[in-house]
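Below is one structure, written out as C-alpha coordinates; comments come after it.
The values are calculated or read from the model by the stated rules, or taken from the named source; none is laboratory data. Treat the numbers as computed from the prediction; the structure is a model and nothing was measured. No Cβ is skipped: glycine too gets one built from the backbone with ideal geometry, and neighbour counts run over all protein chains shown.
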Amino acid sequence: MTTHDEIQSQSPSPTIEDYLWLIFTLERDGEEVIGARLAELLEVSPPTVTVTLKRMVRDGWVEMDPNKHIQLTREGTEAAKTVLRRHMLVEWLLVEMLAVPWSRLHHEAHQLEHYISDDVEERLTKQLGERSVCPHGNPIPGNEDFVKSWGTLLDAPLDTPLIIRRIHEHAESRMSLMSFLEEYHILPGSQAMIREKLPFNDTLSLEVNDQTVVLGYRNARQIYVEVAGG
Ligand SMILES: [Zn+2]
Ligand SMILES: [Zn+2]
(Lines give C-alpha, C1' and ligand atoms only; values in the text may rest on other atoms or scores of the structure.)
(Ligands and ions follow the chains in the order given, each with its own letter.)
Protein backbone atom coordinates (compact mmCIF):
# COMPACT_ATOMS: atom_id res chain seq x y z
CA MET A 1 0.00 0.00 0.00
CA THR A 2 1.32 3.44 -0.87
CA THR A 3 1.28 6.36 1.55
CA HIS A 4 -1.33 7.99 -0.67
CA ASP A 5 -3.74 5.06 -0.19
CA GLU A 6 -3.14 5.04 3.55
CA ILE A 7 -4.03 8.71 3.86
CA GLN A 8 -7.10 8.32 1.71
CA SER A 9 -8.49 5.42 3.71
CA GLN A 10 -8.75 7.74 6.73
CA SER A 11 -11.83 9.87 7.31
CA PRO A 12 -11.47 13.55 6.51
CA SER A 13 -11.13 16.04 9.40
CA PRO A 14 -14.08 18.32 10.22
CA THR A 15 -12.43 21.22 8.36
CA ILE A 16 -11.88 19.10 5.26
CA GLU A 17 -15.47 17.85 5.48
CA ASP A 18 -16.72 21.45 5.43
CA TYR A 19 -14.74 22.12 2.27
CA LEU A 20 -15.88 18.85 0.70
CA TRP A 21 -19.61 19.45 1.04
CA LEU A 22 -19.29 23.06 -0.04
CA ILE A 23 -17.38 22.05 -3.19
CA PHE A 24 -19.97 19.32 -3.78
CA THR A 25 -22.87 21.85 -3.72
CA LEU A 26 -21.02 24.23 -6.07
CA GLU A 27 -20.29 21.41 -8.54
CA ARG A 28 -23.91 20.22 -8.26
CA ASP A 29 -25.17 23.71 -9.11
CA GLY A 30 -22.80 24.03 -12.08
CA GLU A 31 -20.90 26.88 -10.43
CA GLU A 32 -17.21 27.51 -11.01
CA VAL A 33 -15.19 26.16 -8.07
CA ILE A 34 -12.22 28.39 -7.30
CA GLY A 35 -10.47 29.32 -4.07
CA ALA A 36 -11.89 32.86 -3.96
CA ARG A 37 -15.47 31.54 -4.01
CA LEU A 38 -14.70 29.08 -1.19
CA ALA A 39 -13.07 31.87 0.86
CA GLU A 40 -16.18 34.00 0.42
CA LEU A 41 -18.60 31.23 1.43
CA LEU A 42 -16.48 29.94 4.33
CA GLU A 43 -15.71 33.49 5.48
CA VAL A 44 -11.99 32.78 5.75
CA SER A 45 -9.01 34.43 4.05
CA PRO A 46 -7.92 33.29 0.56
CA PRO A 47 -4.44 32.22 1.86
CA THR A 48 -6.14 29.92 4.42
CA VAL A 49 -8.15 28.32 1.62
CA THR A 50 -5.00 27.88 -0.49
CA VAL A 51 -3.22 26.02 2.34
CA THR A 52 -6.19 23.73 2.98
CA LEU A 53 -6.69 23.01 -0.73
CA LYS A 54 -3.02 21.99 -1.06
CA ARG A 55 -3.56 19.46 1.73
CA MET A 56 -6.72 18.21 0.05
CA VAL A 57 -4.89 17.71 -3.26
CA ARG A 58 -2.09 15.87 -1.43
CA ASP A 59 -4.62 13.61 0.34
CA GLY A 60 -6.55 12.85 -2.84
CA TRP A 61 -9.86 14.59 -2.07
CA VAL A 62 -9.67 17.17 -4.87
CA GLU A 63 -7.79 17.87 -8.07
CA MET A 64 -6.72 21.31 -9.24
CA ASP A 65 -6.06 22.20 -12.89
CA PRO A 66 -3.45 24.79 -14.02
CA ASN A 67 -6.19 27.47 -13.96
CA LYS A 68 -6.78 26.65 -10.27
CA HIS A 69 -10.19 25.16 -10.92
CA ILE A 70 -11.05 22.66 -8.23
CA GLN A 71 -12.78 19.35 -8.78
CA LEU A 72 -13.66 16.58 -6.32
CA THR A 73 -12.06 13.19 -6.91
CA ARG A 74 -14.27 10.09 -6.73
CA GLU A 75 -13.24 9.65 -3.07
CA GLY A 76 -13.88 13.34 -2.42
CA THR A 77 -17.36 13.12 -3.90
CA GLU A 78 -18.24 10.08 -1.78
CA ALA A 79 -16.95 11.73 1.42
CA ALA A 80 -18.85 14.95 0.59
CA LYS A 81 -22.11 13.08 0.02
CA THR A 82 -21.69 11.26 3.32
CA VAL A 83 -21.16 14.38 5.41
CA LEU A 84 -23.96 16.28 3.65
CA ARG A 85 -26.38 13.36 4.12
CA ARG A 86 -25.48 13.11 7.83
CA HIS A 87 -25.86 16.87 8.25
CA MET A 88 -29.36 16.76 6.78
CA LEU A 89 -30.43 13.74 8.84
CA VAL A 90 -29.23 15.50 11.99
CA GLU A 91 -31.25 18.59 11.01
CA TRP A 92 -34.39 16.42 10.86
CA LEU A 93 -33.50 14.77 14.17
CA LEU A 94 -33.08 18.19 15.82
CA VAL A 95 -36.36 19.60 14.55
CA GLU A 96 -38.55 16.53 14.98
CA MET A 97 -37.25 15.09 18.22
CA LEU A 98 -35.78 18.09 20.01
CA ALA A 99 -37.94 20.89 18.54
CA VAL A 100 -34.88 23.04 17.81
CA PRO A 101 -36.06 26.23 16.00
CA TRP A 102 -35.80 26.03 12.20
CA SER A 103 -33.41 28.98 11.95
CA ARG A 104 -30.88 27.24 14.24
CA LEU A 105 -31.03 23.74 12.74
CA HIS A 106 -28.17 24.21 10.31
CA HIS A 107 -25.88 25.76 12.90
CA GLU A 108 -26.50 22.97 15.42
CA ALA A 109 -26.26 20.16 12.84
CA HIS A 110 -23.03 21.66 11.57
CA GLN A 111 -21.37 20.82 14.89
CA LEU A 112 -22.74 17.27 15.12
CA GLU A 113 -22.43 16.10 11.50
CA HIS A 114 -18.75 15.24 11.89
CA TYR A 115 -19.33 12.78 14.74
CA ILE A 116 -22.02 10.52 13.27
CA SER A 117 -20.88 6.91 12.77
CA ASP A 118 -22.13 4.54 10.05
CA ASP A 119 -24.20 2.76 12.68
CA VAL A 120 -25.86 5.94 14.01
CA GLU A 121 -26.54 7.09 10.45
CA GLU A 122 -28.28 3.80 9.71
CA ARG A 123 -30.40 4.10 12.86
CA LEU A 124 -31.27 7.71 12.06
CA THR A 125 -32.36 6.77 8.54
CA LYS A 126 -34.52 3.97 9.94
CA GLN A 127 -36.06 6.22 12.57
CA LEU A 128 -36.76 9.16 10.24
CA GLY A 129 -37.91 7.15 7.21
CA GLU A 130 -37.27 8.09 3.58
CA ARG A 131 -36.50 11.79 3.07
CA SER A 132 -35.73 13.62 -0.16
CA VAL A 133 -34.79 17.02 1.27
CA CYS A 134 -33.54 18.63 4.50
CA PRO A 135 -35.86 20.87 6.59
CA HIS A 136 -34.74 23.80 4.40
CA GLY A 137 -35.77 21.98 1.21
CA ASN A 138 -32.25 21.17 0.01
CA PRO A 139 -31.80 17.79 -1.70
CA ILE A 140 -30.28 14.94 0.26
CA PRO A 141 -27.50 13.65 -2.10
CA GLY A 142 -29.10 11.40 -4.71
CA ASN A 143 -32.38 13.38 -4.67
CA GLU A 144 -31.26 16.29 -6.87
CA ASP A 145 -34.09 15.64 -9.38
CA PHE A 146 -36.66 16.16 -6.64
CA VAL A 147 -35.91 19.91 -6.45
CA LYS A 148 -35.23 20.50 -10.17
CA SER A 149 -38.59 22.05 -11.06
CA TRP A 150 -38.39 24.78 -8.41
CA GLY A 151 -37.23 28.17 -9.71
CA THR A 152 -35.76 31.06 -7.73
CA LEU A 153 -38.07 33.61 -6.13
CA LEU A 154 -36.27 36.26 -8.19
CA ASP A 155 -37.43 34.62 -11.44
CA ALA A 156 -40.97 33.90 -10.23
CA PRO A 157 -43.97 35.75 -11.76
CA LEU A 158 -45.69 38.71 -10.06
CA ASP A 159 -49.16 38.48 -8.48
CA THR A 160 -49.19 34.69 -8.73
CA PRO A 161 -49.70 32.37 -5.73
CA LEU A 162 -46.40 30.69 -4.93
CA ILE A 163 -45.29 28.04 -2.48
CA ILE A 164 -41.90 28.50 -0.84
CA ARG A 165 -39.98 25.23 -1.29
CA ARG A 166 -36.31 25.69 -0.56
CA ILE A 167 -33.72 27.99 1.05
CA HIS A 168 -30.35 27.19 -0.53
CA GLU A 169 -27.58 25.57 1.56
CA HIS A 170 -25.36 28.62 1.15
CA ALA A 171 -28.01 30.76 2.88
CA GLU A 172 -28.51 28.30 5.74
CA SER A 173 -25.35 29.41 7.53
CA ARG A 174 -26.39 33.10 7.49
CA MET A 175 -27.98 33.23 10.94
CA SER A 176 -29.51 36.71 10.76
CA LEU A 177 -31.13 35.89 7.40
CA MET A 178 -32.47 32.58 8.74
CA SER A 179 -33.99 34.28 11.82
CA PHE A 180 -35.58 36.89 9.54
CA LEU A 181 -37.08 34.22 7.25
CA GLU A 182 -38.38 32.32 10.27
CA GLU A 183 -39.90 35.43 11.84
CA TYR A 184 -41.79 36.29 8.62
CA HIS A 185 -42.77 32.66 7.84
CA ILE A 186 -40.75 32.51 4.64
CA LEU A 187 -40.38 28.77 5.15
CA PRO A 188 -40.79 25.62 3.01
CA GLY A 189 -44.52 25.06 2.55
CA SER A 190 -45.54 28.70 3.12
CA GLN A 191 -47.76 30.48 0.56
CA ALA A 192 -46.46 33.76 -0.85
CA MET A 193 -47.01 36.26 -3.67
CA ILE A 194 -44.62 38.79 -5.22
CA ARG A 195 -46.33 42.19 -5.39
CA GLU A 196 -43.55 44.34 -6.78
CA LYS A 197 -40.02 44.09 -8.16
CA LEU A 198 -37.76 47.15 -8.10
CA PRO A 199 -34.72 46.33 -10.27
CA PHE A 200 -33.15 49.79 -9.71
CA ASN A 201 -33.23 49.02 -5.99
CA ASP A 202 -32.49 45.26 -6.17
CA THR A 203 -35.53 44.54 -3.97
CA LEU A 204 -38.87 42.83 -4.25
CA SER A 205 -41.98 42.99 -2.05
CA LEU A 206 -43.33 39.66 -0.96
CA GLU A 207 -46.74 39.11 0.55
CA VAL A 208 -46.55 36.28 3.01
CA ASN A 209 -48.70 35.41 6.03
CA ASP A 210 -50.78 38.64 5.58
CA GLN A 211 -47.66 40.79 5.77
CA THR A 212 -45.53 42.49 3.14
CA VAL A 213 -41.82 41.81 3.42
CA VAL A 214 -39.05 43.47 1.41
CA LEU A 215 -36.28 41.14 0.25
CA GLY A 216 -33.06 41.93 -1.56
CA TYR A 217 -32.33 40.23 -4.90
CA ARG A 218 -29.31 38.48 -3.40
CA ASN A 219 -31.59 36.68 -0.92
CA ALA A 220 -34.39 36.14 -3.45
CA ARG A 221 -31.88 34.20 -5.57
CA GLN A 222 -31.40 31.70 -2.73
CA ILE A 223 -35.09 31.05 -2.17
CA TYR A 224 -36.81 28.55 -4.47
CA VAL A 225 -40.53 28.44 -5.13
CA GLU A 226 -43.19 26.56 -7.02
CA VAL A 227 -46.24 28.17 -8.65
CA ALA A 228 -49.21 27.01 -6.55
CA GLY A 229 -51.30 24.46 -8.44
CA GLY A 230 -48.81 24.73 -11.31
ZN1 LIG B 1 -27.81 22.72 6.87
ZN1 LIG C 1 -30.84 22.16 5.73
Q: Give the range 104-155 a look and list any residue that's assigned to a loop (DSSP other than H, G, I, E, B), free of Cβ contacts under 8 Å to residues at least 24 places away in the same chain and within 16 Å of ligand 2 (Cβ to nearest atom), or say none.
A: Ser132, Asn143
Q) Does Leu158 fit the bill of being surrounded by 15 or more Cβ atoms within 10 Å (Cβ to Cβ) and away from ligand 1 (no atom under 12 Å from the Cβ)? A) no
Q. Would you pick out the residues in the range 69-81 that are within 16 Å of ligand 2 (Cβ to nearest atom) and either on the phi > 0 side of the Ramachandran plot or in contact with a helix residue (DSSP H, G or I) (Cβ under 6 Å, 6 or more places away or on another chain) (or both)?
A. Ala80
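This table checks each residue for (1) under 18 Å from Pro14 (Cα atoms); (2) buried (at least 16 other Cβ atoms within 10 Å of the Cβ); (3) touching a helix residue (DSSP H, G or I) at 6+ places or on another chain (Cβ under 7 Å).
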| position | (1), (2), (3) |
| --- | --- |
| Val83 | yes, yes, yes |
| Trp102 | no, yes, yes |
| Glu108 | yes, yes, yes |
| Arg123 | no, no, no |
Q. Are any residues in the range 167-176 in contact (Cβ under 8 Å) with a residue 24 or more places away in the chain and either acidic (Asp, Glu) or surrounded by fewer than 23 Cβ atoms within 10 Å (Cβ to Cβ) (or both), and if so, which ones?
A. His168, Glu169, His170, Ala171, Glu172, Ser173, Met175
Q) Yes or no: Glu113 within 15 Å of ligand 1 (Cβ to nearest atom), modelled with pLDDT of 95 or more and either surrounded by 17 or more Cβ atoms within 10 Å (Cβ to Cβ) or in the same structural domain as Glu183 (by TED's automatic domain parsing) (or both)? A) no
Q: Identify the single condition in (1) more than 18 Å from Glu144 (Cβ to Cβ); (2) loosely packed, with under 13 Cβ neighbours inside 10 Å that Gly30 does not satisfy, given that it satisfies every other one.
A: (1)
Q: Kindly provide the set of residues from the range 43-62 that are in contact with a helix residue (DSSP H, G or I) (Cβ under 7 Å, 6 or more places away or on another chain) and within 30 Å of Asp145 (Cα to Cα), ordered by number.
A: Leu53, Met56, Gly60, Trp61, Val62
